[in-house]
1. Over the C-alpha atoms of the stretch 52-164, what are the Rg and the largest Cα-to-Cα span, Dmax, in Å?
2. Based on the mean of other beta carbon atoms within 10 Å per residue, what is the order of 122-135, 86-99, most packed first?
3. Using r as the Cβ-Cβ distance of residue 124 and residue 153, and R0 as 25 Å, what FRET efficiency do you calculate, to the nearest 0.05?
């Protein structure tokens, strides 16, 4: 709704609006583009009009979807998947990604996997073995070493820390409740 209103206010006509993409029928002047950016920013939205920025966001979205929304039944070669999906050479993707994001694609993927491991540990729905399989680690040892290198904790230590914090918070909540009675 915010996007439609901003486009109407600027007298711009659009062909379609999807979740994160619009196609505008006319060429936008620099002035109108700047005004559109300002209007969208007021609502916490960002206008990406740079083709490289759009490609990087699409790459990131694809990686996030693979890590968060799929159950990996088979091994995924993330790089090959991205190259095929965007029909671009790996060197181009890698160079562009590191230039724009200031991080290698492999490290971005690993960082997302580590965050996903934390979530899965917190929600306690899967074992470490199942998490390693789901997130396409070679084995549990590989998951442990990468998790520990990234966080300074083993997955078990992370889980125990979360339990300890939860108990402290629940204890404080109980104490506050009793003090109020």
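Just so it is clear, none of the values below were taken in a lab; they were calculated from the coordinates. Being a predicted model, the structure only gives us computed values, none of them experimental. Methodologically, a virtual Cβ is constructed for each residue, glycine included, from the backbone with ideal geometry; neighbour enumeration extends over all protein chains shown.
1. 15.0, 48
2. Details: 122-135: 14.9, 86-99: 13.4.
Result, highest mean first: 122-135, 86-99.
3. 0.95
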